[in-house]
1. Within the range 75-100, how many residues turn out to be assigned to a helix (DSSP H, G or I) and in contact (Cβ under 8 Å) with a residue 24 or more places away in the chain?
2. Tell me, yes or no, whether the range 7-30 has at least one residue that is among the hydroxyl-bearing types (Ser, Thr, Tyr), assigned to a loop (DSSP other than H, G, I, E, B) and either under 25 Å from Asp151 (Cβ atoms) or at pLDDT below 85 (or both).
3. In the range 24-44, which residue that is in contact (Cβ under 8 Å) with a residue 12 or more places away in the chain and loosely packed, with under 15 Cβ neighbours inside 10 Å is farthest from Asn86 (Cα to Cα)?
4. Answer with yes or no whether Ile97 is farther than 17 Å from Ala119 by Cβ and out of contact with any Ser or Thr (no Cβ under 9 Å at 6 or more places or on another chain).
5. With respect to Leu72, determine if the residue is surrounded by 16 or more Cβ atoms within 10 Å (Cβ to Cβ), assigned to a strand (DSSP E or B) and in contact with a helix residue (DSSP H, G or I) (Cβ under 9 Å, 6 or more places away or on another chain).
6. Looking at Thr146, Thr93, Thr173, which is the one that is within 29 Å of Phe38 (Cα to Cα), modelled with pLDDT under 75 and β-branched (Val, Ile, Thr)?
7. Regarding the range 73-89, can at least one residue be identified that is at pLDDT below 95, under 19 Å from Val152 (Cα atoms), of a type in the set (Ser, Thr, Tyr) and touching a Ser or Thr at 6+ places or on another chain (Cβ under 9 Å)?
Amino acid sequence: MVIEGTGVLADALRIAAVEVECATTVVVADVVTTATPFETLTDEDFDAAWEQPMRHAISAFQRAHRAGHARLIAVVPTIGMSGAPNLAHAAATAEAIRVMVKSAARQWGADGMTVNCIALAPELFGIDPAAVGDVSLAPPALAGRTTVVDDVVPLVRMVASADAHHLTGATLTADGGVWMTA
């Protein structure tokens, strides 16, 4: 398995040494985690917060396709689905990667490749939960801290398995019920 990306989550996935049966690339979104008012973003800020992470994700998708990997998984924070004050740059990156997953899944399905997205709680990316604000739609009983080893690794293993050959273009939200999609 190839893990693309930087940060705590990507490092934790590397350390966990996830074993999978299909050639797999996991692209962990390199979102900028610093809360910055949208109207104050400079060209340099925008380049660092959106353009560089998008270029990295696109390049990683292309490398995985050229390598003939059967499974491509993008990992993004749920902030793309909900937005957050002063984190528009992080939300835009996460959502753009989710849209790219759908397009790649449609284009590369004929090549036998599945492309999916796993959306995780923003704090796993180093985003301050207080900066995101309260978006919980779940009863407190469903809320809980998602951990990389106990929760994320088995999910990556499942999506990368040969049994998941019919799952493509999907976003699996695994954040303990903080953000629920219809």
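The values are calculated or read from the model by the stated rules, or taken from the named source; none is laboratory data. Since we're looking at a predicted model, the values are computed, not measured. Neighbour counts are summed over all protein chains in view; Cβ atoms, including those assigned to glycine, are modelled from backbone coordinates with ideal geometry.
1. 14
2. For the range 7-30, residues among the hydroxyl-bearing types (Ser, Thr, Tyr), assigned to a loop (DSSP other than H, G, I, E, B) and either under 25 Å from Asp151 (Cβ atoms) or at pLDDT below 85 (or both): absent.
3. Checked the range 24-44; the qualifying residue farthest from Asn86 (Cα to Cα) is Phe38.
4. For Ile97, the condition - farther than 17 Å from Ala119 by Cβ and out of contact with any Ser or Thr (no Cβ under 9 Å at 6 or more places or on another chain) - is not met.
5. Yes; evaluated as a whole, the condition is true for this residue.
6. Answer to the check: Thr146.
7. Yes: one or more hits.
Yes or no, residue by residue, for (1) of a type in the set (S, T, N, Q); (2) farther than 22 Å from Glu95 by Cβ; (3) in contact (Cβ under 8 Å) with a residue 24 or more places away in the chain; (4) in contact with a helix residue (DSSP H, G or I) (Cβ under 6 Å, 6 or more places away or on another chain):
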{"residue": "Thr6", "(1), (2), (3), (4)": "yes, no, yes, no"}
{"residue": "Asp11", "(1), (2), (3), (4)": "no, yes, no, no"}
{"residue": "Ala16", "(1), (2), (3), (4)": "no, yes, yes, yes"}
{"residue": "Cys22", "(1), (2), (3), (4)": "no, yes, yes, yes"}
{"residue": "Phe46", "(1), (2), (3), (4)": "no, no, yes, no"}
{"residue": "Arg55", "(1), (2), (3), (4)": "no, no, no, no"}
